[in-house]
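The values are calculated or read from the model by the stated rules, or taken from the named source; none is laboratory data. For clarity, every value in this text was computed on a predicted model and none was experimentally measured. Quick reminder, even Gly has a Cβ in these numbers, built from the backbone with ideal geometry, and neighbours come from all protein chains shown. These accessible areas exclude ligands, DNA and RNA; they are computed on the full protein's heavy atoms, side chains included. Shrake-Rupley method; radii C 1.70, N 1.55, O 1.52, S 1.80 Å.
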Amino acid sequence: YFLDKSDKYDSRDVERLQQDDKWVENYLIWRHDVVDDTLKMIHESFQWRKEYTVNDLSEAVLPKWLFESGTVYLHGYDKEGYKLFWFRVKHHVKDAKQQLDKKKVVAFWLEHYSKRDHGKPLTVVFDMSETGISHIDLDFVRFIVNCFTDYYPNFLTKIVIFEMPWIMNAAFKIVKGWLGPDAISMLKFTNKSDVQEYISGEYLPPHMGGTDSFKYSYPPLVDDDFQTPLCENGPITSEDEHESKEEIDTKETGELNEEQNHNQKKMNSVEQISKSEETDKTESKPKNAKKALTTFKGPLLHISPAEELYFGSKETGEKKCLIVLTNVTKNIVAFKVRTTAPEKYRVKPSNSSCEPGTSLDIIVSLHGGFAASLQDRFLIMAAEMDQSSGVSAPELAQFWKEVPRTKVMEHRLRCHMVESSKPSSLTLKENAFNIPAKTNEDLHIQLTHLLQINKRLQEQIDRCLWFQQLSVVLSLLSITVVAFCFYL
């Protein structure tokens, strides 16, 4: 099939299709495992991808003002944990001359996200507040619909339409015809009173009844809500403030290095203990521990853990995690840490550098009364520095302003909450800070206490049931007496 049409496709897409089973599976799922329909969809999407040069789309080849307008962007999650793809319709103005570039911006965002999160589905939000007939652009809407129905398979969870003006009802009847029966069920028409059925208030702007203070800005390109790097003492609001705080922190560098070395020694001792425990008690190892102990091997840094940071719940009290960075290059590597929840976390260090061939520990801790969430993400950015570059706070700040985006390595980490047992070598345990852990005797006492409480509850339930049965018998007797009196 490909041999006949090889000139119509980008060879990179063909190569990916032959190697990426998940991509093939998504096409099959979206076409209900009908092979002929799947091939037709692949053919159409591959032709479109080559026509729009999707694999080569970048910020550099698209007009800057389209990114600055804030018409299209990714931000936040719905209640099912799917990423939100926003269309602020009031910022869109129909213009035939700019139409192709606007479509390419949509393709850029979709491709940017699909490659980063391996095709995890999106929830599309059409924010139609403050819109009118001048904003109606059926050609552009049809392109967006086609992206999800024909070009990006199994990539759509639902379309949330907020406050659609009545004047657009006729237009959306046409749109429903384009969507097809499968996608029509994904349409959710909402207003301020019911939009939170699908999206929680923390990811809704105030005009939609939410509390999200996020405001789209460019540059830099907003990337999965990751905020500016965290300073050593908590969240900050700007790079400038971060730079000034880091200048102050340089005075305490010696103390910080001593603290890191001290923590490293403790972590090494914990790891040695955990290794001996694993040989004797492999059955007690958490199911996710093997996954958490893996290492991401990037071109500049090796990062451990590879995928998830393990935190405990409020009950377990685990509030700190360790990220280990290893420089595998021959030059100094600058790095900084960003997060989707800067109000929750403290990071030490958050914006620094790593010498060639050395490892560096980053301690991530929750502060205040916050608890980790499955939706929290961390982004580690790294870039190789020239030997002539300095590593002071002002020099690092200038380096990040000048370094090309293509030379920046990015790696993302999810947060994972562990309720009972945690991977011992990656979570800073209580015993790592010389706090005694709970013994078997303590656990036995707690278990006995729970059994006693359970017994008392069972006795209360039995008494309630006895009173209930007695009440039923008395009621029946009363009814019988009353009926007999009426009979007499």
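Could you work out the percent of alpha carbon pairs in the stretch 296-417 separated by over 17 Å, rounded to a whole number?
Result for the distance tail: 55 percent.
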Highest mean first, what order results for 122-128, 77-83 on Cβ atoms within 10 Å?
122-128, 77-83
How much area per residue is accessible in the stretch 57-208 when the probe is 1.4 Å and only protein heavy atoms are counted (Å²)?
43 Å²
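Which order do the peptides 149-158, 346-355, 32-41 come out in when sorted by mean C-beta neighbours inside 10 angstrom, highest first? Each step should come with its number before you reach the end.
On the way: 149-158: 19.4, 346-355: 22.0, 32-41: 12.8.
So the peptides 149-158, 346-355, 32-41, ranked by packing, come out 346-355, 149-158, 32-41.
Considering only the other residues whose Cβ falls under 15 Å of the Cβ of Ser129, what net charge follows from Lys and Arg at +1 and Asp and Glu at -1?
On the way: positive: Arg88, Lys90, Lys192; negative: Asp127, Glu130, Glu163, Asp194, Asp212.
Residues near Ser129 contribute -2 overall.
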Could the peptides 160-168, 387-395 be put in order, highest first, of the mean number of other beta-carbon atoms found within 10 Å of their residues?
160-168, 387-395
Size of electric dipole in the stretch 11-54: Cβ of Lys, Arg +1 and of Asp, Glu -1, about Cα centre, debye, nearest 20
180 debye
Please list the three semi-axes, largest first and in whole Å, of the ellipsoid equivalent to the stretch 57-208, using sqrt of 5 times the eigenvalues of its alpha carbon gyration tensor.
21, 19, 17
